[in-house]
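The values are calculated or read from the model by the stated rules, or taken from the named source; none is laboratory data. This structure is a prediction, so every number in the text was calculated from the model and none was measured. With ideal geometry, Cβ positions are generated from the backbone for all residues, glycine too; neighbour counts draw on all protein chains shown.
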Amino acid sequence: MSNIVQPLGWNPWNFVGHEDHIEFSEYNNYGPGSNTSNRVKWMKQLDMQTVTKMASIDFVDNEGWINNQLF
């Protein structure tokens, strides 16, 4: 991750106050922008088990919506 990432890791732009409606997570980042010591306090570090579940097609397509697309 390059150093273009601000230390907080998050910029609310026009959505200040909506932080309780989102999730900000990181996994296995490296490089100049990967230092998480100044990240927002609600940032989560994911573990391999969680990432594996989230990358599974069963997680992404839990309700079978992908096969119902017209493409």
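Kindly evaluate T36 against the criterion of being assigned to a helix (DSSP H, G or I), surrounded by 12 or more Cβ atoms within 10 Å (Cβ to Cβ) and among the hydroxyl-bearing types (S, T, Y). No, not satisfied.
Considering only the stretch 1-10, state which residues are surrounded by 10 or more Cβ atoms within 10 Å (Cβ to Cβ) and either under 13 Å from the mean Cα position of the chain (by Cα) or polar (S, T, N, Q) (or both). Residues satisfying the conditions are N3, Q6, G9, W10. Among the residues making up the stretch 39-59, those that are outside any loop (DSSP other than H, G, I, E, B), of a type outside the set (S, T, N, Q) and closer than 27 Å to V5 by Cα are K44, M48, V51, K53, M54, A55.
Here is a check on your reading of the model: is V16 in a loop (DSSP other than H, G, I, E, B) and surrounded by 12 or more Cβ atoms within 10 Å (Cβ to Cβ)? When the stated conditions are applied, V16 does not pass them. A residue that is at pLDDT 90 or above, in contact with a strand residue (DSSP E or B) (Cβ under 6 Å, 6 or more places away or on another chain) and surrounded by 10 or more Cβ atoms within 10 Å (Cβ to Cβ) cannot be found anywhere in the stretch 48-62. If you check W13, W65 for being among the hydrophobic types (A, V, I, L, M, F, W, C) and at positive phi, only one passes: W13.
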